[in-house]
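The next block holds one structure in the form of structure tokens; read it before the comments.
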Amino acid sequence: MPSDLHIHSTFSDGKDTPEEIVEAAKAAGLHYIAITDHDSVEGVTELYESGHYGSGSLHIIPGVGFTAGDAQHEVHILGYNIDIYNAELQEKLEEISEARWTRFTEIVELLRELGYEIGETEVLTDEGMCKAVGRSHVARVLVKKGYFDSIRACFEQLLMRGKPAYVPHFRLVPEEIISLIKGAGGIPVLGDPKALADEALVERVIAQGAAGIEAFYPTYDYADTQHYLEIAQKHGLLVSGGSDYRGFAGREPGAIGQFTIEDVYAENFYRPQRHAEHSSDR
């Protein structure tokens, strides 16, 4: 059966609720999925506490996504099989969430100074009061208001690094994220390594403790995937992959189940005993 270990919900920059993702995954016949929202485990927590956490043949791996790096690079690190109730993890996520709100406010202020009619409440209302609000949420509102034809165009003209409405965001360094994930009992994985465009940096993040690498990604061709599979074999890393699904029109894949990986990779991230522990605790 197929699996997908890179999915975003309404708790970050996805369109579908965690419950909708679970139902879509079941309908698509997926075996393992991971919701890897940016700087948030609230979607996974909601599944746990609402009784939707896996049933039948679908297994859910608790996940989270972080962005690390410096002024030149963004390093995406995914955490799998984490303890979503870990105190240190929760504290750090709250710190990042507060920084996100500050950045969001600054972006909106810059846009208004540039002559764009947009407000914080407007974005939050349109995006369903998302707690992990970011540039993509702002861009969607600007597109809806007719300022741009696409989110990509909005980013390229306003919101990317070096553009007029870009505001640097709070970032941890890779070592800190890797330590945080491991401290929460999880498996840190370097996500979308090709986006780094820096093989030395890939090797450095691995040396800093990444235990896996995302070798399967929608924009990768056969050569890309083979390259990262070879790196995984060289360093003894687990192999991950997924759709990076958001659910918005114009962004591929357009549906859960359109891009998947084989279970032989996904099953290495699943720890049923952790699920049982939390089920008994709640």
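A few points about this structure:
- Pairs are defined by a Cβ separation below 7 Å, a sequence spacing of at least 6 or placement on different chains, a first member in region 13-26 that is within 14 Å of Gly56 (Cα to Cα), and a second member that is modelled with pLDDT under 95 and part of a helix (DSSP H, G or I); the pairs so defined are Val22/Leu47.
- Qualifying residue in region 155-166 (condition: surrounded by fewer than 22 Cβ atoms within 10 Å (Cβ to Cβ), of a type in the set (Phe, Trp, Tyr) and more than 18 Å from the chain's Cα centre (by Cα)): yes
- Region 85-124 - residue that is of a type in the set (Ser, Thr, Tyr) and touching an Asp or Glu at 6+ places or on another chain (Cβ under 9 Å) and, of those, nearest to Tyr147 (Cα to Cα): Thr105
- Test: Arg152 is out of contact with any Leu (no Cβ under 6 Å at 6 or more places or on another chain), more than 30 Å from Gln226 (Cβ to Cβ) and assigned to a helix (DSSP H, G or I): no
- Residue list for region 197-241, filter: in a loop (DSSP other than H, G, I, E, B), of a type outside the set (Gly, Ala, Ser) and touching a Leu at 6+ places or on another chain (Cβ under 6 Å): none
Matching residues to (1) in a helix (DSSP H, G or I); (2) polar (S, T, N, Q); (3) surrounded by fewer than 15 Cβ atoms within 10 Å (Cβ to Cβ):
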{"site": "Glu20", "(1), (2), (3)": "yes, no, no"}
{"site": "Glu49", "(1), (2), (3)": "yes, no, yes"}
{"site": "Ile84", "(1), (2), (3)": "no, no, no"}
{"site": "Thr102", "(1), (2), (3)": "yes, yes, yes"}
{"site": "Leu110", "(1), (2), (3)": "yes, no, no"}
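- The listed residue being farther than 17 Å from Leu93 by Cβ, β-branched (Val, Ile, Thr) and assigned to a loop (DSSP other than H, G, I, E, B), out of Val123, Val167, Val141: Val167
- Residues in region 207-236 that are in contact with a strand residue (DSSP E or B) (Cβ under 7 Å, 6 or more places away or on another chain) and either among the polar types (S, T, N, Q) or surrounded by 18 or more Cβ atoms within 10 Å (Cβ to Cβ) (or both): Ala210, Ala211, Gly212, Ile213, Glu214, Ala215, Phe216, Tyr217, Thr225, Tyr228, Ile231, Ala232.
The values are calculated or read from the model by the stated rules, or taken from the named source; none is laboratory data. Keep in mind the model is a prediction, meaning the values are calculated, not measured. Glycine also receives a Cβ, built like all others from the backbone with ideal geometry; neighbour counts cover every protein chain displayed.
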